[in-house]
Structures are given as C-alpha cells and as structure tokens.
Amino acid sequence: DLNVINFTIPQRLIFGAGALKQVPGEALQFGAGKVLLLSDRPLMAELRDNLISSGMEVLCFDSFKGEPGIEVVNACLGLAKGFDPDVCIGLGGGSVLDVSKVVSWTIGNKCYEIAGFDMSGFKNPSIPMIMIATTSGTGSEATPNALFLDSNKKKTAIVSRHIMPHVAVVDPEL
C-alpha cells in the first residue's frame, strides 16, 4: 500500500548568494511595468532602485508592526488602488510575505479592500508575485499558506493555490 503525496511548489526557485540581483529580470519576465514592493527591511531601497533602473515604476509599502491583521492588508491595498501593479514583490520574513501573497491575490481579483479573511468569492488568480525570504523558518516564500491575526487576535490561515508565489528567492547573503 503506497501513500500518495502531492507537493505544491513555486514555478521557480532561485537560490544562492547574490540571488537578489536577479529579481528585476524575473519581474520583467512577467511584463512588469509597475511593481508593488512590500518590505520591512532596509534592503527595500536597494531593490527599489534596481527595479527602477531596470525601467519599472515602483510603489513601496513598509507599514509592518508585529503579526499582521486585516488592517495591514487593507492599508497596502488602499495604497495600491490607483497604482494598478503588474507584479507584487515581498521582501522580508513570514509576516511580510504573507501580506504580500494575499495582497497579490486580492489585486488579481480587482478588489482593494477586504472585510475579512474569507476569500472564497475570489475566482481569479493573483497577479504575478515574487517572494524573497530574509529569515529562515516560516517557508512562506514557497507555500500556499498565509497566517494572520483575526479581530479576536487569534491566528487564522488562508490556504489557496492562488497564493503560491510564482518565484521564490532565497539569498543566503540576506
């Protein structure tokens, strides 16, 4: 009797020292003219500058404090509403990447505010997303999961193939 195991993985995984430098080229492969960049790291400025020098317009969101809730997702969506990004890039630990994944999916469904974490009404895939891990542990850059605090401050999970990153970047120099 054999057990069947299914693995859901990103379309591309880029690993190695200096892998961060490949991100602009990856974004351009998706036809990116406008990039939404989410991060809580000082590295955001370097990546932003590299994306801009590669010909992309970049909008940055960096309002992260602790475990994210719906207010962080909606703050990012509100910022992105008039920008209409082609690609979303998350650079950070699990919380930043989880917000980035849900924001990508929400924008893919032309929605710029959510009332809760019930995403069952979303039928479209996310906009292309590139997730760059700066910590080890959560694996959010390579999973179809995102964790948030609900209104009662209890962890709630979103699990969907629509939040599986298209590209995961793991650079040990970060």
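The values are calculated or read from the model by the stated rules, or taken from the named source; none is laboratory data. The structure displayed is predicted, hence computed values, not measured ones. Cβ: placed from backbone, ideal geometry, glycine included. Neighbour counts: every protein chain shown. Side chains included, ligands, DNA and RNA excluded: accessible areas come from the protein's heavy atoms. Shrake-Rupley method; radii C 1.70, N 1.55, O 1.52, S 1.80 Å.
Quick notes
- Distance histogram for the range 126-174 (every C-alpha pair counted, 5 angstrom bins, percent rounded to whole numbers): 5, 21, 23, 21, 17, 10, 3, 0
- In terms of distances greater than 24 angstrom between alpha carbons, the cross-link table entries 81/123; 110/153; 81/154 yield 110/153; 81/154.
- Per residue, the average separation of C-alpha pairs within less than 8 Å and at least 6 apart gives the chain a relative contact order of 29 percent.
- Cα Rg over Rh - the range 90-155, Kirkwood: 0.96
- Across the accessible surface of the chain, with the other protein chains kept in place and a 1.4 Å probe, carbon and sulfur atoms take up 51 percent.
- The label point for residue 30 and the one for residue 62, both projected 7 Å from the Cα toward the Cβ, are 2.1 nm apart.
- Fraction of antiparallel bridges per DSSP, the chain only, in percent to nearest 5: 15 percent
- With N the number of residues in the chain, Rg(Cα) / (2.2 N^0.38 Å) evaluates to 0.98.
- Cβ charges +1 (Lys, Arg) and -1 (Asp, Glu), total dipole of the chain, debye: 260 debye
- The label-point distance for residue 11 and residue 124, in a model that sets each label 7 Å from Cα toward Cβ, rounds to 1.6 nm.
- Calculated FRET value between residue 110 and residue 151, using beta carbons and R₀ = 30 Å, to 0.05: 0.75
- DSSP H segments from the chain that extend 18 Å or more along their own axis, Cα-based, with Kyte-Doolittle mean of 0.0 or above: 94-108
- For the chain: accessible area per residue (Å², 1.4 Å): 50 Å²
- Note on the range 14-102: Kirkwood hydrodynamic radius from all Cα pairs is 13.3 Å, rounded to one decimal.
- Each Lys and Arg adds +1 at its Cβ and each Asp and Glu adds -1 at its Cβ; summed about the Cα centre, the range 96-174 shows a dipole of about 320 debye.
- Positive-end residue, the chain charge dipole about Cα centroid, Cβ charges, pick of 25, 126, 116: 116
- Think of the chain as having a plus end and a minus end, set by charges on the Cβ of Lys, Arg, Asp and Glu; of 16, 60, 77, 77 sits farthest toward the positive end of this dipole.
- Considering only alpha-carbon pairs that sit under 8 angstrom and 6 or more positions apart, the relative contact order computed for the range 68-130 is 43 percent.
- Charge dipole (debye, nearest 20) of the range 1-104; +1 at Cβ of Lys and Arg, -1 at Cβ of Asp and Glu: 160 debye
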